Amino acid sequence: MRFSRFPAVLAILSLGLGLVACAAAQDDTDSNPRFGIWRLRSDNPPPYKNIMTYAPHGDGGMSITVATTNAEGNTSEWGYDTLFDGMFRPVRGLENSETAVEYVNERSTRISNMRDGVVYQVIINTLSDDGNRIDNEYVRMDEDGKITRVTHAIYDRVQEE
């Protein structure tokens with residue numbers, strides 16, 4: 001008779017442990033402040049837009065997707081996955097392209113873009129202190145590694161797209 005409540009207690013403990021596991025998984029998902037949807041600031045008239053989506057990937061990594069609509073309304077999409085380890089990985093949607101990402105510090109990453117085996121661009125991606133803005137410095141290089149152009153872009157966090 002002492003054990004008649006054991007199944008109920010076991011069920012409550014199991015439910016509690018399940019909720020703790022779900023909360024921990026949610027914390028892992030929310031652990032990178034870049035996760036979410038980002039829109040490029042642009043003076044180009046609609047329908048032009050450039051949207052970056054950052055989502056969890058693997059154990060501590062990120063999946064990046066960039067969707068663009070040009071001035072004529074044509075759309076394109078490409079993306080890649082990273083573990084922030086500086087290893088080059090294929091870019092989906094861009095033939096013969098690879099990207100490597102590594103942390104510079106807790107707010108900045110260095111993104112190296114390679115096409116046909118040659119690094120042609122390095123991007124310094126910096127998240128603002130409030131977590132609602134990403135500044136990208138694009139450094140373009142020729143095949144000898146000489147800098148040919150530096151440009152800047154700002155992405156703002158959006159709630160839904």
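The values are calculated or read from the model by the stated rules, or taken from the named source; none is laboratory data. Keep in mind that what you see is a predicted model, and the values were worked out from it rather than measured. All Cβ positions, glycine included, derive from the backbone under ideal geometry; neighbour counts span all protein chains shown.
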task = Write out, first by first residue and then by second, each pair whose Cβ atoms fall under 6 Å of each other, whose residues are 6+ apart or on separate chains, and whose first residue, in segment 23-47, is assigned to a loop (DSSP other than H, G, I, E, B) while the second is modelled with pLDDT of 95 or more and exposed (fewer than 14 other Cβ atoms within 10 Å of the Cβ).
result = Pro33/Gly131; Pro47/Gly73
query = So which residues in segment 126-161 are assigned to a strand (DSSP E or B) and polar (S, T, N, Q), if there are any at all?
reply = Thr126, Asn136, Thr148, Thr151
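If we scan segment 88-98, do we find a residue that is of a type in the set (A, V, I, L, M, F, W, C), in a loop (DSSP other than H, G, I, E, B) and loosely packed, with under 15 Cβ neighbours inside 10 Å? Talk me through it step by step, then tell me what you get.
Within segment 88-98, the subset of a type in the set (A, V, I, L, M, F, W, C) is 88, 91, 94.
Then keep just the ones that are in a loop (DSSP other than H, G, I, E, B); that gives 88, 91, 94.
Restricting the remaining residues to those that are loosely packed, with under 15 Cβ neighbours inside 10 Å gives none.
Checking segment 88-98: not a single residue is of a type in the set (A, V, I, L, M, F, W, C), in a loop (DSSP other than H, G, I, E, B) and loosely packed, with under 15 Cβ neighbours inside 10 Å.
Can you tell me which of Ile111, Ile123 is in contact with an Asp or Glu (Cβ under 8 Å, 6 or more places away or on another chain), at pLDDT 95 or above, closer than 18 Å to Met52 by Cα and part of a strand (DSSP E or B)? Full working, then the answer.
On the way: Ile111 fails: in contact with an Asp or Glu (Cβ under 8 Å, 6 or more places away or on another chain).
Step by step, each of Ile111, Ile123 is checked, and only Ile123 is in contact with an Asp or Glu (Cβ under 8 Å, 6 or more places away or on another chain), at pLDDT 95 or above, closer than 18 Å to Met52 by Cα and part of a strand (DSSP E or B).
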key: Pairs where the first residue, in segment 56-84, is among the acidic types (Asp, Glu) and the second is outside any strand (DSSP E or B), C-beta under 7 Å, 6+ apart   = Glu77/Gly93
ask   = Between residues in segment 88-105 that are free of Cβ contacts under 8 Å to residues at least 12 places away in the same chain and residues that are surrounded by 14 or more Cβ atoms within 10 Å (Cβ to Cβ) and part of a loop (DSSP other than H, G, I, E, B), which pairs lie under 9 Å by C-beta distance while being six or more apart or on different chains?
value = Arg89/Leu83
inquiry  = Please go through segment 117-143 and give me each residue that is in contact (Cβ under 8 Å) with a residue 24 or more places away in the chain, in contact with a Phe, Trp or Tyr (Cβ under 8 Å, 6 or more places away or on another chain) and aliphatic (A, V, I, L, M), ordered by number.
reply    = Ile134
